[in-house]
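Every read-out reported here was derived from the displayed coordinates using simple, explicitly stated rules and does not represent laboratory data. Remember, predicted model here, so these are calculated numbers, not experimental data. Reconstructed Cβ throughout: ideal geometry from the backbone, glycine too, with neighbour counts over all protein chains shown.
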Amino acid sequence: MKLHWLKFLSLSSFFFLFSAYLLYSEVNLDEGRDIFRTQCASCHNRNMVDDLTGPALGGVQERWADWPIEDLRYFIRFSQRMIEEGHPKAVQLWDQWRPNIMNNFPNLTDDEIDNILGYIDAVYKGEYGAPAVAVTDRVVVEEEADNTLLFISLLFILALLAVILARIASVLNSIQKAKETGSAPRTKGILDILTSKTAIGILIFAAIVMGGYTTVNNAIDIGRQQGYAPQQPIKFSHAVHSGLHQIDCQYCHDAARRSKNALIPPTSTCMNCHTAIKVGSEYGTAELVKIFASIGFDPNTDQYIEDYEKMPMDQIAAIYKEWIESQYVRANDLMFVDAAGREEVERQWDEVVASLTHEDRDHVAGPIEWVRVHNLPDHVYFNHSQHVAAGNVDCATCHGRVEEMEVLAQYSTLSMGWCINCHRQTEVQGFTDGNEYYLQAYKKYHDALSGGDMQRVTVENIGGLQCQACHY
Ligand code: HEC
Ligand code: HEC
Ligand code: HEC
Ligand code: HEC
Ligand code: HEC
Ligand code: HEC
């Protein structure tokens, strides 16, 4: 009886510790930063100390310390609902900041919110400093290493606990046996316990659970990438440009034909049209001014500003505010700007600054920092021109109907299976078209085709399933 109870205890403590490990998730500052930049930075200053449309977020957890963390999370998800419900802290914020309203973020998970909060805190305390790309990479690696260490130490504690419990069980067992039979049998030593069926069983069980956990985790990762559609610093719409105005993909992504990367067009490409189109029908000046402010084009005079990178920010602000104001006055048929107009000018300029600057960049001049949507791991080689030019594959086959997307979203999974499946099924155009290069390079297929031994040549046949074709 006692023995079973102890076995149960040791197993359940194992379970407990293990699930504690699974639940334990380290705050991921990089994820926090990405969400903050795409979802929060339009209203909350990236330096965490100055107010913008919304309050500076530095020290926010301390300000909410009188309430459980759930309240702060709830505020971030449904601030207006919480204000209506009369939560004292929320009402106090509203009194201070109305009529500025914060968006709802119903889809943020607890983990994501904690990551944002962690990131806010780290920037505020100066612990998250100007990370170059390489440094970011290193941080990620270190995080993984940290996790492994944690796991190993937990496993060790677990093993120790299991052994101790098993030993107690064994001693109790022998005491009981001694009572029944009157003679004391040998109690089990540590070594016996370590090699016992139960210990090995637990180890195998742990391996299975770990495997399952990793698989599920990866599946979630993949699910999150497909459909990934981050907010961009400028509300650039493919639906407007490629749908409504029928601008060819290659006008902007002309590198797709010629090189490995399709590349995002530089701001100068935007200026081919937007020196003339200076006020949009949807956002007026709000979005297009971001383009001008990033490249230093003065829409009042239609001139590029000299030495723009070195110009102090207040002079720059004056130029663009003048432009926004003049368009506001025009659009509203006024003689002079009114109070609402002045407020609108400030609001728009604040948003321009927030979209173009962040803690590593305090000047609006410079390339627009588009948030990357597609991201194959470093160990995979993918080449656009190989597919677009040689393979004659349409952009839409891999990227979906981009000309209908207001916000660009990742259409395909980008998994290995996705590449492989297409390579198995797709015929190589070069053979169908009678391209000399292919006919020469793959003479045996050519012969087999003309001899009728082969119906078609797929990418698989020309080496498209070989590991080294796609992996460095
Ligand atoms: C459209 C503008 C806007 C966006 C976007 C926005 N906020 Fe806010 N936020 C505000 C305003 C305005 C307030 C002040 C309260 C109010 O008026 O509702 C606020 C208040 C807050 C507060 C309370 C601050 C304090 O001092 O107690 C937190 C926390 C917060 N926001 C977090 C976030 C996070 C996290 C995001 C991104 C996921 C975000 N906000 C996105 C406008 C915004
Ligand atoms: C007027 C210029 C322009 C045209 C035309 C254009 N794009 Fe883009 N494209 C951009 C810009 C700017 C971005 C970065 C912002 C974004 O992701 O929305 C982008 C991003 C993308 C991305 C995502 C890149 C990433 O970060 O992974 C894809 C895919 C893409 N474009 C495909 C297309 C396709 C397909 C077409 C034609 C149907 C097209 N684009 C037409 C300018 C353009
Ligand atoms: C065979 C599938 C496929 C086709 C066809 C394709 N792409 Fe891509 N595209 C990808 C993949 C995969 C990535 C991610 C690459 C990476 O992360 O290295 C990508 C990334 C991009 C990017 C992000 C920047 C870059 O170069 O990594 C842009 C922009 C883009 N594609 C535009 C286009 C346009 C425009 C076309 C058509 C002219 C096109 N793509 C055709 C698969 C494709
Ligand atoms: C070939 C011409 C052309 C190019 C190149 C071009 N655009 Fe546009 N853009 C347009 C047209 C046309 C409109 C629609 C204007 C309107 O609705 O009044 C537009 C609208 C916009 C709008 C919406 C403005 C609003 O308030 O409705 C934004 C934002 C924008 N473009 C950003 C960009 C960016 C960023 C680039 C460079 C990556 C770019 N455009 C390149 C022609 C172009
Ligand atoms: C929609 C179909 C399709 C998808 C999806 C696709 N490919 Fe391809 N791929 C092709 C075609 C077609 C060719 C042949 C091009 C040619 O004619 O040389 C090709 C060729 C290649 C080659 C050259 C193979 C060789 O031996 O010459 C590589 C490498 C490659 N693809 C990598 C990838 C990777 C990596 C992915 C996934 C991220 C991918 N492809 C996804 C259609 C596809
Ligand atoms: C047609 C291109 C292609 C070929 C051929 C290919 N792979 Fe991959 N492989 C990929 C892509 C794309 C990924 C990234 C998948 C992701 O990020 O989910 C990948 C990922 C992987 C991974 C990492 C898994 C992970 O979770 O990131 C391994 C390991 C791998 N491949 C091994 C192989 C081996 C071994 C072969 C040869 C039998 C092979 N690959 C052939 C495209 C290919």
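With respect to the conditions (1) of a type in the set (A, V, I, L, M); (2) within 16 Å of ligand 3 (Cβ to nearest atom); (3) without any contact (Cβ under 8 Å) to a residue 40 or more places away in the chain, Leu288 falls short on a single one, namely (2).
All told, Ser385 falls short of being near ligand 5 (Cβ under 9 Å from one of its atoms) and surrounded by 15 or more Cβ atoms within 10 Å (Cβ to Cβ). Residues in the range 364-382 that are away from ligand 5 (no atom under 15 Å from the Cβ) and surrounded by 14 or more Cβ atoms within 10 Å (Cβ to Cβ): Val364, Ala365, Gly366, Ile368, Glu369, Trp370, Val371. Of all residues in the range 343-358, those that are touching a Leu at 6+ places or on another chain (Cβ under 7 Å) and either charged (D, E, K, R) or under 15 Å from Glu322 (Cα atoms) (or both) total 1.
Of the helices (runs of 4 or more DSSP H) lying entirely inside the range 355-463, the ones with 2 or more residues being within 25 Å of the chain's Cα centre (by Cα) are found at 395-399, 416-425.
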